[in-house]
Amino acid sequence: MNINPVAFTIFGLEVKWYGILIALGVFLAILITECMAKKKSYKNGLYKDVGNDVSLFAVIIGVLGARLYYVIFEWDYYSQHLNEIFAIRNGGLAIYGGIIAGGLTIYIFTRVKKINFLTLADCIAPGLALAQSIGRWGNYINGEAHGGVTDVPWAILVDGQRVHPTFFYESFVNFLIFLFLYFYLSKKQRFEGQLISFYLIFYGIARFFIEGMRTDSLYIGNFRVSQLVSIGIVIFGLAIRFIAKSRQKNK
């Protein structure tokens, strides 16, 4: 694997593929959120351009949350290299930090705008899955987020060794989740919160197993942080599903 992480240089500034792919994912996620809101006929407080409005806050705070999460669990390194804390162009964004920070931001946004949180979360879920699918290819270009040594036919070459392309596993799973949510489940949705709960449950399960193959995991003691968070994400998704279905039955 030998891809130049710099896509091009403009006025002396290096523009990296990592940033381009993240920007593309965010752009498509906003478009899909707008399409989902329109599909829902702007009910439960949704309105035209809600995707643009919520993204102004959720994207920025989500990126900060993703970086903060990563820095916290790599503090032994960053405490000695403070000047690199905000060097996100070199990678080092933890998706769970972004999901948590972005999710809290979206919740506050819905409270202020008087929008049903689960309705907006359902609109965001398909685009979020697609954005993650695209963004993982930035990890590939940076030579990160790969797994251990393997002999599988689809292994990639990193530093002279054949390793699991765990970035691809996660990208593929997220793309399947996007296809299912957007093209199937959104048309057969039975209750508010169904899409976001599906996303949380299935992404959490997939990430738990994929994380077990990675060689760059963040740890708390002997436990991989992302596997612990994955368990929490699955439980949270199940709770949303149970509560949302109960509310639907009681209407």
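The values are calculated or read from the model by the stated rules, or taken from the named source; none is laboratory data. The model shown is predicted, which means the values in this text are computed figures rather than measured ones. Cβ placement follows ideal geometry from the backbone for every residue including glycine, while neighbour counts extend to all protein chains displayed. Just so you know, the surface numbers come from the protein's heavy atoms only, side chains and all, with ligands and any DNA or RNA stripped out. Shrake-Rupley method; radii C 1.70, N 1.55, O 1.52, S 1.80 Å.
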- Query: Since THR150 meets every condition but one in (1) buried (at least 17 other Cβ atoms within 10 Å of the Cβ); (2) farther than 30 Å from VAL15 by Cα, which condition does it not meet?
  - Reply: (1)
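Looking only at segment 45-78, count every residue that is more than 24 Å from GLY143 (Cα to Cα), assigned to a loop (DSSP other than H, G, I, E, B) and open to solvent by less than 70 Å² (accessible area, probe 1.4 Å) and tell me the total. Before you say what the answer is, go through the steps one by one.
Here is the first cut: in segment 45-78, the ones more than 24 Å from GLY143 (Cα to Cα) are 45-61.
If we keep only those that are assigned to a loop (DSSP other than H, G, I, E, B) too, we end up with 45-49.
From what's left, open to solvent by less than 70 Å² (accessible area, probe 1.4 Å): 45-47, 49.
Count: 4.
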- How about segment 227-251: which of its residues are among the polar types (S, T, N, Q), open to solvent by 10 Å² or more (accessible area, probe 1.4 Å) and assigned to a helix (DSSP H, G or I)? GLN227, SER246, GLN248
- Query: Of the numbered conditions (1) surrounded by 12 or more Cβ atoms within 10 Å (Cβ to Cβ); (2) free of Cβ contacts under 8 Å to residues at least 12 places away in the same chain; (3) over 17 Å from LEU128 (Cα atoms), TYR107 satisfies every one except a single condition; which is it?
  - Reply: (3)
- Query: Pick from VAL54, VAL15: which is in contact (Cβ under 8 Å) with a residue 24 or more places away in the chain, of a type in the set (Val, Ile, Thr) and on the phi < 0 side of the Ramachandran plot?
  - Reply: VAL54
- For segment 165-221 the number of residues that are among the basic types (Lys, Arg), open to solvent by 80 Å² or more (accessible area, probe 1.4 Å) and under 18 Å from the mean Cα position of the chain (by Cα) is 0
- Would you mention how many residues in segment 1-41 are at pLDDT below 95 and either part of a strand (DSSP E or B) or open to solvent by 80 Å² or more (accessible area, probe 1.4 Å) (or both)? 15
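So that you can scan it fast, the table gives a plain yes or no per residue for (1) at pLDDT below 95; (2) closer than 26 Å to ILE156 by Cα:
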{"position": "TYR199", "(1), (2)": "no, no"}
{"position": "ALA206", "(1), (2)": "no, yes"}
{"position": "ILE231", "(1), (2)": "no, no"}
{"position": "PHE236", "(1), (2)": "no, no"}
{"position": "ALA239", "(1), (2)": "no, no"}
{"position": "ILE243", "(1), (2)": "yes, no"}
